[in-house]
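Here's the structure, in structure tokens; my notes come after.
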Amino acid sequence: MKTLGLIGGISWVSTADYYKLINEGVNEKLGGINFAKCIIHSFNYADIIRNNNNNDWESTFIMLSEACENLQQSGAEAIVLCANTMHLLADRIEEKMSIPVIHIATETTKEIKKLNLSKVGLLGTKFTMELDFFTSKLSNQNIETCIPEQDDRDFIQDTIYHELGKGIINPETKQRYISIINKLIENGAEGIILGCTEIPLLIQQEDIAVPIFDTAIIHSAAAVEFALGENISL
């Protein structure tokens with residue numbers, strides 16, 4: 001079994017989900033008392049948000065790349081960035097590493113392709129929705145992406161930071177998210193990407209009429225597949 005290096009704390013809520021999902025995935029494959037080999041570097045979320053709010057991605061890149069290098073030196077054989085937004089820096093980080101970064105958008109695109117969808121809606125932080133690091137992976141596979149209107153994007157951004165990132169679940173927020181998603185469906189979305197690893201705290205498949213793509217589940221499953229490789233019978 002290969003050792004995974006997890007970059008967490010962005011937020012701790014989703015990092016806990018990743019740890020649970022990856023360990024459960026390994027145990028499902030291997031049984032017994034087998035669980036994942038992993039190393040976690042957990043950031044203070046406030047430091048990341050401060051950089052993002054100032055558009056200081058270079059400082060965030062330095063923080064993440066140093067953490068990834070430390071994980072590699074400690075024995076990690078792949079990096080898992082436990083947050084969608086941080087994949088804005090994934091390709092740059094991988095260029096500095098001698099181990100792969102398992103990309104959340106690449107793995108999500110694979111799952112969408114399995115259902116032969118041509119247009120999907122994307123929810124996430126404003127960076128995930130408005131920048132192209134996620135949507136470019138989709139467009140490269142001829143999948144069109146639609147995103148919410150500006151006021152809805154602002155609402156999603158605010159609730160991710162001040163509610164979901166703290167593990168706060170507000171029924172009114174859930175209803176607003178469902179309304180936002182339904183507008184995307186009316187705009188032709190055949191599926192919905194939950195492109196922030198905290199959004200599944202609010203939205204489940206039974207809430208939505210089209211397929212949803214939980215990026216945390218998809219990403220964790222890809223990490224398990226990498227860790228076990230062809231040795232899942234051992």
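The values are calculated or read from the model by the stated rules, or taken from the named source; none is laboratory data. As the structure is a prediction and not an experimental result, all values here were calculated from the model. Cβ atoms come from the backbone with ideal geometry, glycine included; neighbour counts cover every protein chain shown. SASA here: full protein model, heavy atoms, side chains in, ligands and nucleic acids out. Shrake-Rupley method; radii C 1.70, N 1.55, O 1.52, S 1.80 Å.
Can you tell me which residue in segment 136-153 is least open to solvent (accessible area, probe 1.4 Å), limited to those that are part of a helix (DSSP H, G or I) and over 21 Å from S179 (Cα atoms)?
At the first step, the residues of segment 136-153 found to be part of a helix (DSSP H, G or I) are 136-139, 150-153.
Next, from what is left, pick out any that are over 21 Å from S179 (Cα atoms): 136-139.
Numbers: S136: 38, K137: 52, L138: 0, S139: 66 Å².
Selected residue: L138.
I169 - would you say it is modelled with pLDDT under 95, of a type in the set (A, V, I, L, M) and open to solvent by less than 10 Å² (accessible area, probe 1.4 Å)? Walk me through how you get there before you give the answer.
Working: modelled with pLDDT under 95: yes; of a type in the set (A, V, I, L, M): yes; open to solvent by less than 10 Å² (accessible area, probe 1.4 Å): no.
No.
Just checking, how many residues over segment 1-30 are within 18 Å of G75 (Cβ to Cβ), aliphatic (A, V, I, L, M) and part of a loop (DSSP other than H, G, I, E, B)? Please lay out each step first, then the result.
Initially, segment 1-30 is screened for residues within 18 Å of G75 (Cβ to Cβ), giving 1-8, 19, 22-23, 26.
Now drop any that are not aliphatic (A, V, I, L, M), which leaves 1, 4, 6-7, 22, 26.
From what's left, part of a loop (DSSP other than H, G, I, E, B): 1.
Qualifying residue count, segment 1-30: 1.
Between residues in segment 110-135 that are in contact (Cβ under 8 Å) with a residue 40 or more places away in the chain and open to solvent by less than 30 Å² (accessible area, probe 1.4 Å) and residues that are part of a helix (DSSP H, G or I) and not aliphatic (A, V, I, L, M), which pairs lie under 6 Å by C-beta distance while being six or more apart or on different chains?
Pairs found: T125/T85; T125/Q157; F127/T85; T128/T85; M129/R153; F133/H87; F134/T128.
Please find, among G31, G8, the residue that is over 16 Å from F226 (Cβ atoms), crowded, with 19+ Cβ neighbours inside 10 Å and not charged (D, E, K, R). Break it down stepwise before answering.
On the way: G31 fails: crowded, with 19+ Cβ neighbours inside 10 Å.
Going through G31, G8 in turn, just one is over 16 Å from F226 (Cβ atoms), crowded, with 19+ Cβ neighbours inside 10 Å and not charged (D, E, K, R): G8.
Scan segment 35-52 and give yes if some residue there is under 16 Å from A227 (Cβ atoms), without any contact (Cβ under 8 Å) to a residue 60 or more places away in the chain and open to solvent by 80 Å² or more (accessible area, probe 1.4 Å), otherwise no.
Looking through segment 35-52, at least one residue is under 16 Å from A227 (Cβ atoms), without any contact (Cβ under 8 Å) to a residue 60 or more places away in the chain and open to solvent by 80 Å² or more (accessible area, probe 1.4 Å).
Within segment 191-199, is even one residue out of contact with any strand residue (DSSP E or B) (no Cβ under 6 Å at 6 or more places or on another chain), within 26 Å of G5 (Cα to Cα) and at pLDDT 95 or above?
no
Which numbered condition trips up E58, out of (1) buried (at least 23 other Cβ atoms within 10 Å of the Cβ); (2) more than 30 Å from A209 (Cβ to Cβ)?
With (1) buried (at least 23 other Cβ atoms within 10 Å of the Cβ); (2) more than 30 Å from A209 (Cβ to Cβ) applied to E58, the lone miss is (1).
What number of residues within segment 175-234 satisfy the criterion of being part of a helix (DSSP H, G or I), of a type in the set (G, A, S) and open to solvent by 30 Å² or more (accessible area, probe 1.4 Å)?
Of segment 175-234, the ones part of a helix (DSSP H, G or I) are 175-186, 199-201, 205-207, 215-228.
Those still in the list that are of a type in the set (G, A, S) too: 179, 216, 220-223, 227.
Retained after the next criterion (residues that are open to solvent by 30 Å² or more (accessible area, probe 1.4 Å)): 179, 221.
Here the count works out to 2.
For the condition within 21 Å of L6 (Cβ to Cβ) and basic (K, R), what is the one hit in K119, K37? Write out each step before concluding.
Working: K119 fails: within 21 Å of L6 (Cβ to Cβ).
Unique residue meeting the criteria: K37.
When residues of segment 11-28 are filtered for being touching a residue at least 40 places away in the same chain (Cβ under 8 Å) and either open to solvent by less than 40 Å² (accessible area, probe 1.4 Å) or hydrophobic (A, V, I, L, M, F, W, C) (or both), how many remain? Walk me through how you get there before you give the answer.
If we filter segment 11-28 for residues that are touching a residue at least 40 places away in the same chain (Cβ under 8 Å), which is where we start, we get 11, 13-15, 17-18, 21-22, 25-26.
Next, from what is left, pick out any that are either open to solvent by less than 40 Å² (accessible area, probe 1.4 Å) or hydrophobic (A, V, I, L, M, F, W, C) (or both): 11, 13-15, 18, 21-22, 25-26.
The total comes to 9.
Kindly list, by first and then second residue, each pair from a residue in segment 68-97 that is farther than 22 Å from G124 by Cβ to a residue that is in a helix (DSSP H, G or I) and acidic (D, E), limited to pairs with Cβ atoms under 8 Å and residues at least 6 apart or on different chains.
Hits for this filter: K96/E69; M97/E69.
Select, from L89, L64, the only residue that is under 26 Å from T145 (Cα atoms) and open to solvent by less than 20 Å² (accessible area, probe 1.4 Å).
Selected residue: L89, the only one of L89, L64 that is under 26 Å from T145 (Cα atoms) and open to solvent by less than 20 Å² (accessible area, probe 1.4 Å).
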